[in-house]
Amino acid sequence: MSRLPPLPERARGARPTFFDDPAIDTLVAMLLELAQEHYVARARLAALEHWAAHEVTGARLPYSEAYRLPPEEEARLADMRAAFVRRLMAPIEQV
Amino acid sequence: MTRHVAHDLALAPTRDETAAQDFVSTLRAHVLNDMAASMKARYEARVAPRMAPGADGRAILAAMRHEPYFRFYSAVRVKAQEMVWASVRPTVERDAERLAARAAELSADRTRAEGTLRLDPELPIPRNVSALDVHLMPGNYHFDGGDGDLRAGALYENGLSVFSFGLMGESLDDIGCSIALWLKLRHPEFRPADILDLGCSVGHQTLPWKRAYPDARVTGLDVASPCLRYAHARAQALGLTAHFLQADATAVPLPDQSQDLVFSSMFLHELPVEDIRAVMREAWRLLRPGGLMLHYELPPNEALSAYDGFYLDWDSHFNAEPFYQGYRDLVPADEVARAGFDRARYFHAAIPSLGWYGEEAVRAAARASGTIGSDHVGRLADGVLWFVYGAWK
């Protein structure tokens, strides 16, 4: 337990809203939280797949090592992430 | 993409935390590159034809606020900004004590560097810092939980790594590195012995000056004690001797004519106009004859199209930077002259990002006249150019 008081969780001041109905601003924020969580799960799955692949081929690695993706896998994941964000935002392009 | 902090004050995020940060970086890159381009195309097709001749950035904002695309762009950008800090805060909190202990070790290790830290617990925090959370950063830059607390510095540096999606270099110092290289190439005869960085935060743009001029005494100044603790430890970690001082840039506790270069980076636009003028007067006072005042800043409205002015001023309205637009309404040459500098010795330049364009582009800029001429100037997006201005004393 830290001896320090916790950092504030939210910035002071009114949160800006942009839509006539601010519920839409709230929904956009919720959607992005959900998308982030989805990506975190996807990245975890990629790491587990990498680890599992080593398991089945017998090339056993310490879990802490296998859970760190090699650079080429990280690059593949980054491409996947960018494509995911483009798809997520694509409906806005129809506006 | 995100360049996670890698020096000795690096946090220890979990894989999930790193993934959450990577997502935010990618989201911001999409907003500031792809969505920004789409928004401009919509403006030109749908809004510009009905704007009155001579409409300025404020008029464009009034018109764009009704555009559905602007609303989505802005809602996503605000949320992405909040997610920047939220994605690093848990790691900072968890690592706070380890970070404080590591900082104390680094400070004591004089074999790495011989920097100093001078805090002033009695310093009044100016209202432009104490009364708001700039950049929507919870707690702002000065939130101090007591001795050894450097979390605001850690939150800022790690958040900036996420925020800038790789555009600010390996050590978040592309601005300082690009400008220092440009200055050395353009003025090889200039060899500053004393360099002062005003509003230095975590010192990420302070240290490039030590690299560029190794014999100089380099000092970073800020009002925020946790950022200065972090800046000092960070400099020690990187093996660069720099000195950090808690003080207000409008009243610097250093002697007249004690500096050769007074620099700031993205600092003036955080100040009310009267403080900007006080800072420039201080620069004049602090400089020796032949010294240089140099500011990296947002380009002024007078140098930009109305649309680019509208685009940059988004932060003033929606990112807790209330002085940003007022700053950009000023004419830098006028302000420099008002502070006592000779207007004829004013200059400005757009300097290519060293990391994005490479050294040859900076060399070409050092040979060129000081034109702006690109909508990439001052805009954090792919292909950024850094805008600087200043004057010789």
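No lab work stands behind these numbers, since they all come straight from the coordinates. These numbers come from a predicted model, not from an experiment. Glycine gets a Cβ as well: all are built from the backbone with ideal geometry, and neighbour counts include every protein chain shown.
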*Say we look at region B:142-162 and pick out the residues that are of a type in the set (A, V, I, L, M, F, W, C) and within 14 Å of chain A (Cβ to nearest Cβ); which of these is surrounded by the most Cβ atoms within 10 Å (Cβ to Cβ)?*
B:Ala154
_region B:333-346, residues that are surrounded by fewer than 18 Cβ atoms within 10 Å (Cβ to Cβ), in contact with a strand residue (DSSP E or B) (Cβ under 8 Å, 6 or more places away or on another chain) and not in a helix (DSSP H, G or I)_ = B:Asp342
_Within region A:16-30, considering residues that are more than 7 Å from chain B (Cβ to nearest Cβ) and surrounded by 14 or more Cβ atoms within 10 Å (Cβ to Cβ), the one nearest to B:Met83 (Cα to Cα)_ = A:Thr26
*When only residues in region B:228-263 that are outside any loop (DSSP other than H, G, I, E, B) and among the polar types (S, T, N, Q) count, which is farthest from B:His187 (Cα to Cα)?*
B:Gln246
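Can you list the helices (runs of 4 or more DSSP H) lying wholly within region B:137-227 that have 3 or more residues being of a type outside the set (Lys, Arg) and over 30 Å from B:Lys79 (Cα atoms)?
So the answer is B:174-186, B:207-212.
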*Test each condition in (1) within 18 Å of B:Arg102 (Cα to Cα); (2) in a helix (DSSP H, G or I) for B:His269 and report the one that comes out false.*
(1)
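Given B:Phe323, B:Phe310, which one is more than 19 Å from the chain's Cα centre (by Cα) and under 27 Å from B:Glu82 (Cα atoms)? Outline the logic, then answer.
On the way: B:Phe323 fails: more than 19 Å from the chain's Cα centre (by Cα).
That would be B:Phe310, the only listed residue that is more than 19 Å from the chain's Cα centre (by Cα) and under 27 Å from B:Glu82 (Cα atoms).
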*Is it the case that some residue within region B:53-70 is surrounded by fewer than 17 Cβ atoms within 10 Å (Cβ to Cβ), facing another protein chain (nearest Cβ under 8 Å) and closer than 28 Å to A:Arg86 by Cα?*
yes
_Residue list for region B:1-36, restricted to those being assigned to a helix (DSSP H, G or I) and away from every other protein chain (no Cβ under 11 Å)_ = B:Leu32, B:Ala36
*Sole residue being over 30 Å from B:Pro289 (Cβ atoms), away from chain A (no Cβ under 14 Å) and over 15 Å from the mean Cα position of the chain (by Cα), chosen from B:Glu170, B:Glu189*: B:Glu170
*Looking at (1) over 24 Å from A:Asp79 (Cα atoms); (2) in contact (Cβ under 8 Å) with a residue 12 or more places away in the chain, find the lone condition where B:Pro13 falls short.*
(1)
*asked:* Among the residues in region B:39-46, are any facing chain A (nearest Cβ under 7 Å) and assigned to a helix (DSSP H, G or I)?
replied: no
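Go through region A:1-42 and count every residue that is part of a helix (DSSP H, G or I) and hydrophobic (A, V, I, L, M, F, W, C).
The number of residues fulfilling the criteria is 12.
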*Under 8 Å by Cβ, and 6 or more places apart or on different chains, what pairs join a residue from region B:310-328 that is within 18 Å of B:Tyr43 (Cβ to Cβ) and more than 14 Å from chain A (Cβ to nearest Cβ) with one that is part of a helix (DSSP H, G or I) and among the charged types (D, E, K, R)?*
B:Phe310/B:Arg58; B:Tyr311/B:Lys40; B:Leu312/B:Arg328
*Looking at B:Ala381, is it part of a loop (DSSP other than H, G, I, E, B), over 15 Å from B:Ile276 (Cα atoms) and either of a type in the set (A, V, I, L, M) or free of Cβ contacts under 8 Å to residues at least 40 places away in the same chain (or both)?*
yes
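Between B:Arg118, B:Arg112, which is in contact with a strand residue (DSSP E or B) (Cβ under 6 Å, 6 or more places away or on another chain), over 28 Å from A:Arg81 (Cβ atoms) and of a type in the set (D, E, K, R)?
B:Arg118
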